[in-house]
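The values are calculated or read from the model by the stated rules, or taken from the named source; none is laboratory data. Every value quoted in this text rests on a predicted model; they were computed, and no experiment measured them. So basically every Cβ, Gly included, is an ideal-geometry build from the backbone, and we count neighbours across all protein chains shown.
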Amino acid sequence: MVVGAGQAGLSSAYHLRRNGFEPERDFVVLDRAPRPGGAWQHRWPTLTYGRVHGMHALPGMPLTGADDARPSSEVIGGYFADYEDAFGLRVRRPIVVRAVREGDGGRLRVETSQGVWSTRALINATGTWDRPFWPRYPGQELFRGRQLHTAQYPGPEEFAGQRVMVVGGGTSAVQHLLEIAEVAAATTWVTRRPPVFRTGPFDETHGRDAVALVEERVRRGLPPQSVVSVTGLPMTEAMRRAEEAGVLRPLPMFDRLTPTGAAWADGTETAADAVLWATGFRAALDHLAPLHLREPGGGIRVEGTRAVRDPRVHLVGYGPSASTIGANRAGREAVREIRKLLEFSPAPG
């Protein structure tokens, strides 16, 4: 069984087919979203395809002829839909996986919004979009303005004429900040740690080093870090212009929110009409809790894609494979390991 039909889930389903497993007969793909596209279908309208960084095509089918000016949600959503049709993956949706438990006969019991499945192996590809991370700071309940997360970001137009505070040091925070600054009365950028900007090419060696750092945390059973915390922010021409204009100047994290803005420990205060929390996401793994896979450090220890505490469970798109190219490779690896587990004998589930 494959849970999730984003990049990681579709890649895994593709490799299952290539290895002789037939959809519906030998495996099923469940997805909680109502339509194809994974997390991409939820991206804000101003994130056009031309502004997407590092989107790698799914295995076996290139993404060609895309209009850079179209919203990425439309381009990639359409591509994923075509991919499902081209390889006959027959994704079942919308289905919410509520819990995965120990079942009978050494199988896993998968409880969903549309019944119960039994499976000998599970590829979990649920990503992070369903678990936005909201930090807790004093005064949040007192702030009279609007608070929202990247997961709810509607685009810059709703912030026209407002004083907006963007919290977060990642790529999404910078993208939000740059486009909101075009229409807002004022913007403030707040980060927990000073952001590190990367200049020059990000070559294969840099990529391997970044993946190795994330992989080491996962091997130790720690929650994986964000990509930007390892690689830094790529300095683009638009970012250079924003830096010169004073938009891209981070402040340290505030001490508390007030009814009208934020305050720092030194007594400094800044007014705000809206706070946008671009503070990232956490892996959506609550449905796996009954299997007790987590380590004392808070993460799931993984070797390759296999959960160390249960070799029937493979995590794809988690930790070092949480990128489009990483998900493709991890899908192939997970299927290879599952073939070994099942002794090269596909069975229903």
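May I ask you to say which residue of E337, E343 is acidic (D, E) and at pLDDT below 90?
Being acidic (D, E) and at pLDDT below 90 holds for just one of E337, E343, which is E343.
Given the criteria on the phi > 0 side of the Ramachandran plot and surrounded by 17 or more Cβ atoms within 10 Å (Cβ to Cβ), does G37 qualify?
Here the answer is yes, as G37 does meet what is asked.
Right, G20: within 30 Å of E157 (Cα to Cα), assigned by TED's automatic domain parsing to the domain that holds E333 and of a type outside the set (S, T, N, Q) or not?
No: the conditions fail for G20.
Okay, residues lined up against (1) out of contact with any strand residue (DSSP E or B) (no Cβ under 6 Å at 6 or more places or on another chain); (2) modelled with pLDDT of 95 or more:
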{"position": "G9", "(1), (2)": "no, yes"}
{"position": "L16", "(1), (2)": "no, yes"}
{"position": "F27", "(1), (2)": "yes, yes"}
{"position": "D31", "(1), (2)": "yes, yes"}
{"position": "P36", "(1), (2)": "yes, yes"}
{"position": "Q41", "(1), (2)": "yes, no"}
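Report whether or not G106 is modelled with pLDDT of 95 or more and either closer than 18 Å to L285 by Cα or outside any strand (DSSP E or B) (or both).
When the stated conditions are applied, G106 does not pass them.
What number of residues in the range 99-108 are under 16 Å from L288 (Cβ atoms) and either out of contact with any Ser or Thr (no Cβ under 6 Å at 6 or more places or on another chain) or among the aromatic types (F, W, Y) (or both)?
Residues flagged as under 16 Å from L288 (Cβ atoms) and either out of contact with any Ser or Thr (no Cβ under 6 Å at 6 or more places or on another chain) or among the aromatic types (F, W, Y) (or both) within the range 99-108 amount to 4.
With respect to the numbered conditions (1) touching a residue at least 12 places away in the same chain (Cβ under 8 Å); (2) more than 23 Å from the chain's Cα centre (by Cα), which one is the sole condition not fulfilled by G246?
(1) is the only condition that G246 fails.
Go through the range 264-300 and report how many residues are free of Cβ contacts under 8 Å to residues at least 60 places away in the same chain and among the aliphatic types (A, V, I, L, M).
Here the count works out to 2.
Between D255, D266, D273, D310, which is surrounded by fewer than 22 Cβ atoms within 10 Å (Cβ to Cβ) and under 24 Å from the mean Cα position of the chain (by Cα)?
Testing whether each residue is surrounded by fewer than 22 Cβ atoms within 10 Å (Cβ to Cβ) and under 24 Å from the mean Cα position of the chain (by Cα) leaves just D310.
So in the range 244-261, with the set limited to residues that are outside any loop (DSSP other than H, G, I, E, B) and out of contact with any Ser or Thr (no Cβ under 9 Å at 6 or more places or on another chain), which one is nearest to A184 (Cα to Cα)?
Restricting to residues being outside any loop (DSSP other than H, G, I, E, B) and out of contact with any Ser or Thr (no Cβ under 9 Å at 6 or more places or on another chain), the top hit is E244.
Which residue pairs have Cβ atoms closer than 9 Å, lie 6 or more positions apart in sequence or on different chains, and pair a first residue in the range 161-179 that is assigned to a loop (DSSP other than H, G, I, E, B) with a second residue that is basic (K, R)?
Q162/R146; G168/R192; G169/R192; G169/R193
If you check G298 against the conditions, is it at pLDDT 80 or above and surrounded by fewer than 19 Cβ atoms within 10 Å (Cβ to Cβ)?
yes
Can you pull out the residues in the range 313-329 that are out of contact with any Pro (no Cβ under 8 Å at 6 or more places or on another chain) and either surrounded by 24 or more Cβ atoms within 10 Å (Cβ to Cβ) or outside any loop (DSSP other than H, G, I, E, B) (or both)?
Residues satisfying the conditions are V313, H314, L315, V316, G317, S321, T324, I325, A327, R329.
Quick one: which of V110, V97 is within 20 Å of A307 (Cα to Cα), crowded, with 16+ Cβ neighbours inside 10 Å, over 21 Å from the mean Cα position of the chain (by Cα) and hydrophobic (A, V, I, L, M, F, W, C)?
Exactly one residue qualifies, and that residue is V110.
Across the range 301-329, what is the total count of residues that are at pLDDT 90 or above and hydrophobic (A, V, I, L, M, F, W, C)?
Qualifying residue count, the range 301-329: 6.
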